[in-house]
1. Could you list, in sequence order, the residues of region 236-268 that are assigned to a helix (DSSP H, G or I) and surrounded by 16 or more Cβ atoms within 10 Å (Cβ to Cβ)?
2. Would you point out the residue of region 62-115, among those that are in contact with a Ser or Thr (Cβ under 9 Å, 6 or more places away or on another chain) and among the charged types (D, E, K, R), that is farthest from GLU160 (Cα to Cα)?
3. Among THR101, THR129, THR90, THR151, which is surrounded by 12 or more Cβ atoms within 10 Å (Cβ to Cβ), of a type in the set (S, T, N, Q), in contact (Cβ under 8 Å) with a residue 60 or more places away in the chain and in the same structural domain as PHE19 (by TED's automatic domain parsing)?
4. Look at region 233-248 and say how many of its residues are in contact (Cβ under 8 Å) with a residue 12 or more places away in the chain and under 17 Å from LEU176 (Cβ atoms).
5. What is the residue count in region 220-270 for residues that are small (Gly, Ala, Ser) and either closer than 23 Å to ILE85 by Cβ or in contact with a helix residue (DSSP H, G or I) (Cβ under 6 Å, 6 or more places away or on another chain) (or both)?
6. With the condition kept exactly as written, say whether any residue in region 39-50 is under 17 Å from ARG82 (Cα atoms) and surrounded by fewer than 16 Cβ atoms within 10 Å (Cβ to Cβ).
7. All but one of (1) over 30 Å from MET45 (Cβ atoms); (2) within 17 Å of the chain's Cα centre (by Cα) hold for LEU161; which doesn't?
Amino acid sequence: MNIGIIGLGFLGGSMERYFCGEGKPLFLYDKKGIGSPEEVNKADMVFICVNTPYDQHKKDINLSYVESAVEALTGEKIVVLRSTIPPGTTDRLQARHPQHTFLFNPEFLRAKFAFEDFTAPPRQVVGYTLKSKDAARTLIGLLPKAPQEFTTVVPAKSAELLKYASNTALAARVALANKLFEFSEALGINYDEIKGLLAADSRIGGWGFDIWYEGFRGYSGTCFPKDVRTLIALGKKVNVNMNWLEALDDENLALIRTQGLEPDYGHPKV
């Protein structure tokens, strides 16, 4: 099967490196001057790995990069969406472009270790539409193997929400750690002792309790801020009270601004 990739950032670039190593025929396109839409349309299966930034003015996700990538495809393809998208997006694109077969494969990569995380995934999840359940198994066979008990195909909506749930849970962990650090400072307590004893509890573990990351506190980068904001926007659309998450995100925003930082909300770099 010929494979195409649209978007060659840390995600698409990791996939390119992996599939090249597997000897798969690859057709690539990135608007920064790599390949072309015509080239990527030679593929049978196309992975879409473009940005889905949070629009601060509209207070919602910007799906225009995903939509443009899909609209550039010709013929009948298996389209694998890897960009982070709200629940229901894969199904809507399937209805809008019935000639294609859509799947959603969430990524759980750390930007600095993207290739390592891609090639040794702790879980492999593929979301399907009413049309694409059979194709989901085909995709599982092409991707790096995860433990069998954590390899699953689920409805696309479930896989889409899983990605937001994962990033929001991790962001909340970072926010909690910073608040516990402030408590410790106020009470004259050694935070490292608290951190170490929390990590000893197998229900909690140690991730996220090191409050300093690259010299700064709080969650920033191109994923957590935009995904938390997008989940808040989604909650408001479906009448789920998001006050707690808004408060958490507002606290984090205030914290990073005291350090001279601003979240970029996932906007492409030019």
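The values are calculated or read from the model by the stated rules, or taken from the named source; none is laboratory data. Everything quoted here is computed from the prediction, not taken from an experiment. Positions of Cβ are generated from backbone atoms using ideal geometry, with glycine treated the same way; all protein chains shown enter the neighbour counts.
1. Going through region 236-268, the residues assigned to a helix (DSSP H, G or I) turn out to be 236-237, 243-257.
Within region 236-268, LEU245, LEU248, ASP249, ASN252, LEU253, LEU255, ILE256 qualify.
2. Ranking the candidates gives GLU76 first.
3. Result of the check over THR101, THR129, THR90, THR151: THR90.
4. Within region 233-248, the subset in contact (Cβ under 8 Å) with a residue 12 or more places away in the chain is 233-234, 245-246, 248.
After this cut, where a residue has to be under 17 Å from LEU176 (Cβ atoms) as well, the list is 245-246, 248.
Summing the residues that are in contact (Cβ under 8 Å) with a residue 12 or more places away in the chain and under 17 Å from LEU176 (Cβ atoms) in region 233-248 gives 3.
5. Step one: of region 220-270, the residues small (Gly, Ala, Ser) are 220-221, 233, 235, 247, 254, 260, 266.
Subsequent filtering for residues that are either closer than 23 Å to ILE85 by Cβ or in contact with a helix residue (DSSP H, G or I) (Cβ under 6 Å, 6 or more places away or on another chain) (or both) retains 220-221, 233, 235, 266.
Total meeting the criteria: 5.
6. First pass over region 39-50, keeping only residues under 17 Å from ARG82 (Cα atoms): 40, 43-50.
Subset that is surrounded by fewer than 16 Cβ atoms within 10 Å (Cβ to Cβ): 44.
Yes.
7. For LEU161, the exception is condition (1).
A quick yes/no check of all residues on (1) under 25 Å from GLY35 (Cβ atoms); (2) outside any loop (DSSP other than H, G, I, E, B):
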site: GLU67; (1), (2): yes, yes
site: ALA95; (1), (2): no, yes
site: PRO98; (1), (2): no, no
site: PHE118; (1), (2): yes, yes
site: LYS131; (1), (2): no, no
site: ALA136; (1), (2): no, yes
site: ILE140; (1), (2): no, yes
site: LYS145; (1), (2): no, no
